[in-house]
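**Q** Please see the structure below; I have some questions.
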Amino acid sequence: MKEIKVICDSEITIKNIKTGHVYKNEEEVKADINAKPEDIRRDVKILVPDIPLFNKS
């Protein structure tokens, strides 16, 4: 079986679960003095391109 390397992108959404505030980046989270670590949620979405798995015949 041939190994195929796939280059993927990702999107990270950082949100305060108590206030609903969506942060732009980690620096904004660190700057928020009212945010507790247990209140921060990080969602990671992996974007995988289409992969041709079968040869067309």
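**Q** If I filter segment 25-43 down to residues being among the charged types (D, E, K, R) and in a helix (DSSP H, G or I), which single residue comes out as nearest to Lys15 (Cα to Cα)?
**A** Kept after step one, since they are among the charged types (D, E, K, R), are these residues of segment 25-43: 26-28, 30, 32, 36, 38-39, 41-43.
Restricting the remaining residues to those that are in a helix (DSSP H, G or I) gives 26-28, 30, 38-39.
Numbers: Glu26: 10, Glu27: 13, Glu28: 11, Lys30: 13, Glu38: 11, Asp39: 8 Å.
The extreme case among them is Asp39.
**Q** Moving on to the next point. Just the residues that are under 30 Å from Phe54 (Cβ atoms) and in contact (Cβ under 8 Å) with a residue 24 or more places away in the chain, please, taken from segment 1-42.
**A** Ile4, Val6, Ile7, Cys8, Asp9, Ser10, Glu11, listed by residue number.
Let's see how each residue does on (1) surrounded by 10 or more Cβ atoms within 10 Å (Cβ to Cβ); (2) among the acidic types (Asp, Glu); (3) at pLDDT 95 or above:
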site: Glu11; (1), (2), (3): no, yes, yes
site: Gly20; (1), (2), (3): no, no, yes
site: Tyr23; (1), (2), (3): yes, no, yes
site: Val29; (1), (2), (3): yes, no, yes
site: Ile33; (1), (2), (3): no, no, no
site: Ile40; (1), (2), (3): yes, no, yes
site: Pro52; (1), (2), (3): no, no, no
site: Lys56; (1), (2), (3): no, no, no
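**Q** Would you call Ile46 assigned to a loop (DSSP other than H, G, I, E, B) and touching a residue at least 12 places away in the same chain (Cβ under 8 Å)?
**A** Against the criterion (assigned to a loop (DSSP other than H, G, I, E, B) and touching a residue at least 12 places away in the same chain (Cβ under 8 Å)), Ile46 does not qualify.
The values are calculated or read from the model by the stated rules, or taken from the named source; none is laboratory data. Just so we're clear, the structure is a prediction, and the values are computed from it rather than from any experiment. Every residue, glycine as well, gets a Cβ built from its backbone with ideal geometry; the counts of neighbours run over all protein chains shown.
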